[in-house]
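A.B. asks: Quick one: structure below, then a few questions.
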Amino acid sequence: MSRLRKKAVVLLSGGLDSATTLAIAKQQGFACYPLSFDYGQRHRAELDAARRVAARGGVEEHKFIRIGLDSIGGSALTDVNIPVPDRPHAGIPVTYVPARNTIFLAFALGWAEVLEARDIFIGVNAIDYSGYPDCRAEYIEAFSRLAALATKAGIEGGEFHIHTPLIQWSKAEIIRCACRLGVDFSATVSCYAADDVGRACGVCDACRLRAEGFRVARIADPTHYQALAEQRRVARPHDN
C-alpha cells in the first residue's frame, strides 16, 4: 500500500513538536519515513522517545544517523561543560546548536532523493520557541531554494516541499492538535536536561514552554519530572 502513497521524510527528535508533525504527515496521507539523529546531545532519552513515537506511529522505516556535533561543541546541548540555563535570557540562548537544522535537513534531503520522495516535514516553530535562527520561515524558504539547486532531482525538474505545519502555532495550539490526532504525550521528551529515563528538569526553556502550553490548552500534562524538578516547578509554575 505504501507504494501507492506519496512518501515523506519526517525529522523526528522524540519531542512534542516532532511527534505532532509526524502525526500531521500521516493524517495528510503520506507514507512516513522518520529520521532521527544521535548528534552527541547531552542525553539519550530523546532518542528512546523517538523510537517510541515511531513504533506507535505506523511508519514505513525509521532511520537513525550518528553525526557527532559534540565534536565541535558550542552549545549547552552538546557540551556538558556549558550548563543548561534554568531561566530565560535575552538573545539567542546557549542551547542553540550551531547549524543543526541545516545539517538535519541536508540529511533529510539526501534520503528523500534516494527514496524518490519530494516532501520533507520538520516541526520548527517561530512563535513559542527559544529564538533559534533556523526555526524561521525565511530560513525554510532559503533551504527550499537550495534543495532545488543542489540535487539531481531538482535539476531534472523535481520540486521538493519543506513542510512546516507548526511554524505559526502557539505551543497550546500544537498540543490541542496533537491531542486530536491521538499523540501519546507521555511517550515524548522535550527537556534539554532530562535524566537517563527521560524525566524532565522542569526549569529549562523547553520545559517552561511545554508546561505553559499544556496549561493554556487546559489539557493534563503527563510529563514525568525529576523529584527536585517537580518541587521547583510547583514553586514557580509560570516563571517567564
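The values are calculated or read from the model by the stated rules, or taken from the named source; none is laboratory data. This structure is a prediction, so every number in the text was calculated from the model and none was measured. Cβ sites come from the backbone with ideal geometry, for glycine too, and all protein chains shown count toward neighbours.
A.B. asks: Of all residues in region 15-42 being of a type in the set (S, T, N, Q) and touching a residue at least 12 places away in the same chain (Cβ under 8 Å), which is farthest from Arg56 (Cα to Cα)? First the steps, then the outcome.
C.D. replies: Step one: of region 15-42, the residues of a type in the set (S, T, N, Q) are 18, 20-21, 27-28, 36, 41.
Still in the running and touching a residue at least 12 places away in the same chain (Cβ under 8 Å): 18, 20-21, 27, 36, 41.
Numbers: Ser18: 14, Thr20: 13, Thr21: 14, Gln27: 14, Ser36: 15, Gln41: 24 Å.
That would be Gln41.
A.B. asks: Right, another one. If I go through region 48-75 residue by residue, how many of them are surrounded by 15 or more Cβ atoms within 10 Å (Cβ to Cβ) and among the hydroxyl-bearing types (Ser, Thr, Tyr)?
C.D. replies: Here the count works out to 1.
A.B. asks: Here's a check for you: in region 25-34, which residue that is of a type outside the set (Gly, Ala, Ser) and buried (at least 21 other Cβ atoms within 10 Å of the Cβ) is farthest from the chain's Cα centre (by Cα)? Explain how you work it out, then say what you get.
C.D. replies: Step one: list which residues in region 25-34 are of a type outside the set (Gly, Ala, Ser), which gives 26-28, 30, 32-34.
Adding the requirement that they be buried (at least 21 other Cβ atoms within 10 Å of the Cβ) leaves 30, 32-34.
Values: Phe30: 18, Cys32: 15, Tyr33: 15, Pro34: 11 Å.
This residue is Phe30.
A.B. asks: Out of region 54-84, which residues are assigned to a strand (DSSP E or B) and touching a Ser or Thr at 6+ places or on another chain (Cβ under 6 Å)? Explain how you work it out, then say what you get.
C.D. replies: Kept after step one, since they are assigned to a strand (DSSP E or B), are these residues of region 54-84: 63-66.
The answer is Phe64, and nothing else.
A.B. asks: Say we look at region 142-176 and pick out the residues that are hydroxyl-bearing (Ser, Thr, Tyr) and under 25 Å from Ala23 (Cα atoms); which of these is surrounded by the most Cβ atoms within 10 Å (Cβ to Cβ)?
C.D. replies: Thr164
A.B. asks: Scanning for something of a type outside the set (Phe, Trp, Tyr) and closer than 28 Å to Gly202 by Cα, does region 136-151 turn up at least one residue?
C.D. replies: Looking for residues that are of a type outside the set (Phe, Trp, Tyr) and closer than 28 Å to Gly202 by Cα, one finds at least one in region 136-151, hence yes.
A.B. asks: Based on what the data block shows, is Gly40 surrounded by fewer than 17 Cβ atoms within 10 Å (Cβ to Cβ), part of a loop (DSSP other than H, G, I, E, B) and not hydroxyl-bearing (Ser, Thr, Tyr)?
C.D. replies: On the way: surrounded by fewer than 17 Cβ atoms within 10 Å (Cβ to Cβ): no; part of a loop (DSSP other than H, G, I, E, B): yes; not hydroxyl-bearing (Ser, Thr, Tyr): yes.
Judged against the criteria, Gly40 is not a match.
A.B. asks: Hey, another quick one. Just the residues that are of a type in the set (S, T, N, Q) and under 30 Å from Gly91 (Cβ atoms), please, taken from region 130-163.
C.D. replies: As a first pass, look at region 130-163 and keep what is of a type in the set (S, T, N, Q): 130, 144, 151.
The answer is Ser130, Ser144.
A.B. asks: Taking the residues in region 111-141 that are in contact with a strand residue (DSSP E or B) (Cβ under 6 Å, 6 or more places away or on another chain) and not in a loop (DSSP other than H, G, I, E, B) as candidates, determine which candidate is surrounded by the fewest Cβ atoms within 10 Å (Cβ to Cβ).
C.D. replies: Only one residue fits best here, namely Leu115.
A.B. asks: For region 92-141, enumerate the residues that are of a type in the set (Asp, Glu) and in contact with a helix residue (DSSP H, G or I) (Cβ under 6 Å, 6 or more places away or on another chain).
C.D. replies: Step one: list which residues in region 92-141 are of a type in the set (Asp, Glu), which gives 113, 116, 119, 128, 134, 138, 141.
Answer for region 92-141, where residues must be of a type in the set (Asp, Glu) and in contact with a helix residue (DSSP H, G or I) (Cβ under 6 Å, 6 or more places away or on another chain): Glu113, Asp128, Asp134.
A.B. asks: When you go through (1) surrounded by fewer than 16 Cβ atoms within 10 Å (Cβ to Cβ); (2) part of a loop (DSSP other than H, G, I, E, B) one by one for Val183, which number turns out not to apply?
C.D. replies: Status for Val183: all satisfied but (1).
A.B. asks: Moving to a separate point now. Kindly provide the set of residues from region 184-222 that are over 20 Å from Asn125 (Cβ atoms) and in contact with a Pro (Cβ under 8 Å, 6 or more places away or on another chain), ordered by number.
C.D. replies: Matches in region 184-222: Ser186 only.
A.B. asks: Among the residues of region 26-47, what is the count of those that are closer than 16 Å to Asp195 by Cα and of a type outside the set (Asp, Glu)?
C.D. replies: Residues that pass the stated criteria total 7.
A.B. asks: Can you give me the number of residues within region 23-37 that are assigned to a loop (DSSP other than H, G, I, E, B) and either in contact with a helix residue (DSSP H, G or I) (Cβ under 7 Å, 6 or more places away or on another chain) or over 18 Å from Leu115 (Cα atoms) (or both)? Before the answer, list the steps.
C.D. replies: Going through region 23-37, the residues assigned to a loop (DSSP other than H, G, I, E, B) turn out to be 28-30.
If we keep only those that are either in contact with a helix residue (DSSP H, G or I) (Cβ under 7 Å, 6 or more places away or on another chain) or over 18 Å from Leu115 (Cα atoms) (or both) too, we end up with 28.
Residues that pass the stated criteria total 1.
A.B. asks: Pick from Arg87, Arg3, Arg51: which is at pLDDT below 95 and either outside any loop (DSSP other than H, G, I, E, B) or touching a strand residue (DSSP E or B) at 6+ places or on another chain (Cβ under 6 Å) (or both)?
C.D. replies: Numbers: Arg87 fails: either outside any loop (DSSP other than H, G, I, E, B) or touching a strand residue (DSSP E or B) at 6+ places or on another chain (Cβ under 6 Å) (or both); Arg51 fails: at pLDDT below 95.
Checking each option against the conditions leaves just Arg3.
A.B. asks: Output yes when any residue across region 142-152 is farther than 22 Å from Ala45 by Cα, in contact (Cβ under 8 Å) with a residue 40 or more places away in the chain, in contact with a Phe, Trp or Tyr (Cβ under 9 Å, 6 or more places away or on another chain) and not in a helix (DSSP H, G or I), and no when none is.
C.D. replies: Checked against the condition, which is being farther than 22 Å from Ala45 by Cα, in contact (Cβ under 8 Å) with a residue 40 or more places away in the chain, in contact with a Phe, Trp or Tyr (Cβ under 9 Å, 6 or more places away or on another chain) and not in a helix (DSSP H, G or I), region 142-152 yields at least one hit.
A.B. asks: Any residue in region 118-125 that is at pLDDT 95 or above and over 18 Å from the mean Cα position of the chain (by Cα)?
C.D. replies: Start the filter on region 118-125 by keeping residues that are at pLDDT 95 or above, which leaves 118-124.
Still in the list and also over 18 Å from the mean Cα position of the chain (by Cα): 118.
The answer is yes, given that some residue of region 118-125 is at pLDDT 95 or above and over 18 Å from the mean Cα position of the chain (by Cα).
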